[in-house]
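Accompanying notes for the structure given below.
The values are calculated or read from the model by the stated rules, or taken from the named source; none is laboratory data. Just so it is clear, the model here is predicted, and its values are computed rather than measured. Neighbour counts are summed over all protein chains in view; Cβ atoms, including those assigned to glycine, are modelled from backbone coordinates with ideal geometry. Just so you know, the surface numbers come from the protein's heavy atoms only, side chains and all, with ligands and any DNA or RNA stripped out. Shrake-Rupley method; radii C 1.70, N 1.55, O 1.52, S 1.80 Å.
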Amino acid sequence: MGIAPETQPQQQPKDSSEGAAVDQKRWTLNDFDIGKPLGRGKFGHVYLAREKRSNHIVALKVLFKNQLKQSQVEHQLRREVEIQSHLRHPNILRLYGYFYDQKRVYLILEYAAKGELYKELQKCKYFSERRAATYVASLARALIYCHGKHVMHRDIKPENLLVGAQGELKIADFGWSVHTFNRRRTMCGTLDYLPPEMVESVEHDANVDIWSLGILCYEFLYGVPPFEAKEHSDTYRRIIQVDLKFPSRPVVSSAAKDLITQMLVKDSSQRLPLKKLLEHPWIVQNADPSGVYRG
Ligand SMILES: CCc1cccc(CC)c1NC(=O)n1cc2c(c1)/C(=N\C(=O)c1ccc(N3CCN(C)CC3)cc1)N=N2
């Protein structure tokens, strides 16, 4: 579903530089009708937009260059855009292209019509085992795809997950953990998802994603991440010690606890491989094969 490229050269609006491209398309703001704002992040806003030629609905993410510069994330943005534009998976938000002008960088993104997953999680407090397992299985498939392309650490925490029109999950991050504009009740949400090897800052491999998916699975089922603590230092200690406890409420099946226990293992080489996760009884018995939770 490519959206119409800039074919014939057109008079560029005076203040927009050559539209940069992802796959050789040159975009400018004039190619889009801008709609309502969808959300805001630390570096800018995201708007509903329609590409004029194809009438294709997209999300246009506007990032302010000066804020990117101040936080020294330009190189990270370039790398992440390069990665994201080559990923094609139903559970990874598409990046169709980008362009920039004097002050801003614009990312042309797939529109996820049902919005942010973390708001849904806050609203229902925690998910049913079927809903959690369906989401975890679809994210495992997305991560298997990413690892197959030597892309890792997609930073899958609730703030970076969106929901498509059919209820399917979309990993929407550009490694933008810094981008998360204090979007959760706790400023330090980011800490909760770090695996021991990152907390102890030793080298890490794609198995960090298995750990983060285990954290996410726990939070889907209990409404809070497993190592949450008031102080950073306590969260660090609990992560490093893998101080994993399962509350008695809400009631969660032992199969779910077994899966989480196999993912939250300190030695990253001993974590349950993602392919094995898809064969785990809890996933097989609870996840909807379509990857869509129908309620
Ligand atoms: C700039 C905002 C930001 C900062 C940091 C990280 C991220 C990724 C999640 C983002 N968002 C981002 O990149 N986004 C890329 C996107 C995107 C966000 C998006 N949709 C929505 O944000 C959205 C929000 C609410 C919504 N409704 C809410 C009310 N409901 C009743 C109906 C549906 C429907 C859609 N589609 N592509």
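Which of the residues belonging to region 109-137 are within 11 Å of the ligand (Cβ to nearest atom) and in a helix (DSSP H, G or I)? Spell out the reasoning first.
Taking region 109-137 as the starting set, the residues that turn out to be within 11 Å of the ligand (Cβ to nearest atom) are 109-120, 123.
117, 118, 119, 120, 123 - these are the residues of region 109-137 that are within 11 Å of the ligand (Cβ to nearest atom) and in a helix (DSSP H, G or I).
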Legend entry - Members of region 78-106 found to be within 14 Å of the ligand (Cβ to nearest atom) and within 16 Å of residue 160 (Cα to Cα), listed by number: 80, 81, 84, 91, 92, 93, 94, 95
Legend entry - residue 26 more than 22 Å from the chain's Cα centre (by Cα), open to solvent by 30 Å² or more (accessible area, probe 1.4 Å) and at pLDDT 95 or above: no
Inset, instruction - Identify the residue in region 53-63 that is in contact (Cβ under 8 Å) with a residue 12 or more places away in the chain and out of contact with any strand residue (DSSP E or B) (no Cβ under 8 Å at 6 or more places or on another chain) and, among all such residues, is surrounded by the fewest Cβ atoms within 10 Å (Cβ to Cβ). - result: 53
Legend entry - Any hit, region 54-61, residues being modelled with pLDDT of 95 or more, more than 30 Å from residue 221 (Cα to Cα) and more than 16 Å from the ligand (Cβ to nearest atom): yes
Inset, instruction - Could you grab me the full set of residues in region 262-280 that are touching a Phe, Trp or Tyr at 6+ places or on another chain (Cβ under 9 Å), assigned to a helix (DSSP H, G or I) and either open to solvent by 20 Å² or more (accessible area, probe 1.4 Å) or closer than 16 Å to residue 128 by Cα (or both)? - result: 268
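Do you know which residues across region 282-291 are open to solvent by less than 70 Å² (accessible area, probe 1.4 Å) and either part of a helix (DSSP H, G or I) or in contact with a strand residue (DSSP E or B) (Cβ under 9 Å, 6 or more places away or on another chain) (or both)? Before the answer, list the steps.
At the first step, the residues of region 282-291 found to be open to solvent by less than 70 Å² (accessible area, probe 1.4 Å) are 282-283, 286-288, 290-291.
282, 283, 286, 291 - these are the residues of region 282-291 that are open to solvent by less than 70 Å² (accessible area, probe 1.4 Å) and either part of a helix (DSSP H, G or I) or in contact with a strand residue (DSSP E or B) (Cβ under 9 Å, 6 or more places away or on another chain) (or both).
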Legend entry - All positions within region 140-159 that are open to solvent by less than 50 Å² (accessible area, probe 1.4 Å), in a helix (DSSP H, G or I) and more than 14 Å from the ligand (Cβ to nearest atom): 140, 142, 143, 144, 146, 147
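Restricting to region 265-287, what's the tally of residues that are of a type in the set (Val, Ile, Thr) and either within 24 Å of residue 241 (Cβ to Cβ) or within 23 Å of the chain's Cα centre (by Cα) (or both)? Please lay out each step first, then the result.
Taking region 265-287 first, the residues of a type in the set (Val, Ile, Thr) are 265, 283-284.
Those left that are additionally either within 24 Å of residue 241 (Cβ to Cβ) or within 23 Å of the chain's Cα centre (by Cα) (or both): 265, 283.
So the answer is 2.
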Legend entry - Near pairs, Cβ below 9 angstrom, 6+ apart or cross-chain, from region 34-52 (open to solvent by 70 Å² or more (accessible area, probe 1.4 Å)) to any residue that is near the ligand (Cβ under 9 Å from one of its atoms) and among the polar types (S, T, N, Q): 42/180
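Is region 64-86 home to any residue that is over 30 Å from residue 150 (Cα atoms), surrounded by fewer than 18 Cβ atoms within 10 Å (Cβ to Cβ) and out of contact with any Pro (no Cβ under 8 Å at 6 or more places or on another chain)?
Taking region 64-86 as the starting set, the residues that turn out to be over 30 Å from residue 150 (Cα atoms) are 66.
Those still in the list that are surrounded by fewer than 18 Cβ atoms within 10 Å (Cβ to Cβ) too: 66.
Among the residues that remain, those that are also out of contact with any Pro (no Cβ under 8 Å at 6 or more places or on another chain) are: 66.
Yes, the conditions are met somewhere in region 64-86.
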Inset, instruction - Answer yes or no: is there a residue in region 66-77 that is within 12 Å of the ligand (Cβ to nearest atom) and either at pLDDT 95 or above or within 16 Å of the chain's Cα centre (by Cα) (or both). - result: no
Inset, instruction - Check residue 197 against each of (1) at pLDDT 75 or above; (2) open to solvent by 30 Å² or more (accessible area, probe 1.4 Å); (3) over 23 Å from residue 125 (Cα atoms); (4) part of a helix (DSSP H, G or I) and name the one condition it does not meet. - result: (2)
